[in-house]
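First up is the structure itself, then whatever we jot down about it.
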Amino acid sequence: MNNSDLGRVQAYLLRHRYAETKSARRNISKEERDVATMLRDADTSMRTLLEEIFDGQGLELKSFNEFEAAGIPLGATVFVLARKPDFSPTFFGTEKLIARMRQVRRGIGSDAEAKIWFIQLWFILLDLLYTRKSRGPNALQDWVETSFAKNVFVDVVKEYINDHVRKIDPSTLRTDAVYKVLTNTELKEGTVSQLCNAFLELMVDAGLLDLVGQDSYRQTLLFAYEMKMNYDRQLAKLLPNADPYLSASTLLLVETESEVEEY
């Protein structure tokens, strides 16, 4: 791998954050295969240089083979570009997130509302992938068993809002900004589904979910690895052993208020 190849690999990984030499689960492009093959065959000095460049940007380049993670075909290598704990790479901003969420008309009226919805859907996705599957956030090997249908995700979101959030007495909350967004009476029929669609598209684009069939998704190895990396530092309180809906009433509606107020 020469300097030109190095730049090509860096650009691809910053965009897609995931590259496989071959896959048994999805079709991969020639570009992805070429990038992964160049990385696999790179000499130690070039690989180290690339890793040091990413490290300075708050990222970790990690490789897996069939002995290190489930779901990898014999002889294949998977490369993931994971965000390091306590770093916020500047090129992974929220502009695209906000723009896509705000495309849902009559559902989001401000950037803050877009962020609130995204945060809520993110936590609900974690509940679906971890709590409901009895997985710990440090689980890595069983990422291949996390597939779910889009309609299941939408139903879980509606269930949370209708059966839990709407039953909360807003006077018991420190502030009710999140509560008002989730219970907005101006939300039209189908808006929640549109918001879920936007969220899932963003997750696929970020390399955190794979579209494995028509309206069927699965957590990626990158997603599972980042969760494992960040759990001890940032996520322990987000996935308590208590009733997930009980924890959600304090976490989603109260604990995130301080984040919303910063926007």
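Read-outs throughout are calculated quantities, based only on the coordinates presented, and are distinct from any laboratory measurement. None of the values given here were measured: they were computed from a predicted structure. Note: ideal-geometry Cβ built from the backbone for every residue, glycine included; neighbour counts use all protein chains shown.
Among VAL192, VAL178, VAL152, which one shows the highest mean-square fluctuation when the chain is modelled as a Gaussian network with alpha-carbon springs under 10 Å?
Sorting by GNM fluctuation, first place goes to VAL152.
Within the set of other residues whose C-beta is less than 15 Å from the C-beta of GLN103, count the net charge using Lys and Arg as +1 and Asp and Glu as -1.
Details: positive: LYS96, ARG100, ARG102, ARG105, ARG106, LYS115, LYS188; negative: GLU95, ASP111, GLU113, GLU201, ASP205.
Result for the neighbourhood of GLN103: +2.
Run the simple label-point estimate for ASN3 and THR37 please: 7 Å along Cα→C-beta, distance reported in nm.
2.5 nm
Alpha carbon centre of region 116-175 versus region 184-232: separation in Å?
11 Å
Whole-Hz Karplus ³J(HN,Hα) for region 69-84, in order, using 6.51 cos²θ - 1.76 cosθ + 1.60 and θ = phi - 60°, x for Gly and Pro?
8, 5, x, 9, x, 4, x, 8, 10, 10, 10, 10, 10, 9, 6, 7
To the nearest 0.05, how large is the calculated FRET efficiency for THR94 and LEU74 if R₀ is 45 Å and r is the Cβ-Cβ distance?
Step by step, r from the Cβ atoms, then E = 0.70.
Hey, with R₀ at 30 Å, roughly what FRET efficiency would VAL152 and ILE28 work out to, going by the Cβ-Cβ distance, to 0.05? Intermediate values should be presented prior to the final figure.
Values: r = 26 Å, r/R0 = 0.88.
In this case the efficiency is close to 0.70.
I'd like the trypsin sites (Lys or Arg not before Pro) in region 111-213 restricted to DSSP loop residues with at most 16 other Cβ atoms within 10 Å, sorted by number. Can you show the working numbers first?
Values: sites: LYS115, ARG132, LYS133, ARG135, LYS150, LYS158, ARG166, LYS167, ARG174, LYS180, LYS188; in loops: ARG135, ARG174, LYS188.
When the trypsin sites (Lys or Arg not before Pro) of region 111-213 are filtered for loop state and at most 16 Cβ neighbours within 10 Å, ARG174, LYS188 remain.
Quote the FRET efficiency, to the nearest 0.05, computed for ASP111 versus THR183 with a Förster distance R0 of 25 Å and r equal to the Cβ-Cβ distance.
Between ASP111 and THR183 the formula returns 0.80.
Find out how many positive minus negative residues lie around SER193, taking Lys and Arg as positive, Asp and Glu as negative, among other residues whose Cβ is under 12 Å from that of SER193. Mind dumping the intermediate values first?
Details: positive: LYS150, LYS158, LYS188; negative: ASP155, GLU189, ASP215.
Result for the neighbourhood of SER193: 0.
Work out how much length PHE67 to ARG233 would gain on full extension: take 0.36 nm times their residue separation and subtract the Cα-Cα distance, in nm to one decimal.
Contour length minus the Cα-Cα distance gives 57.1 nm.
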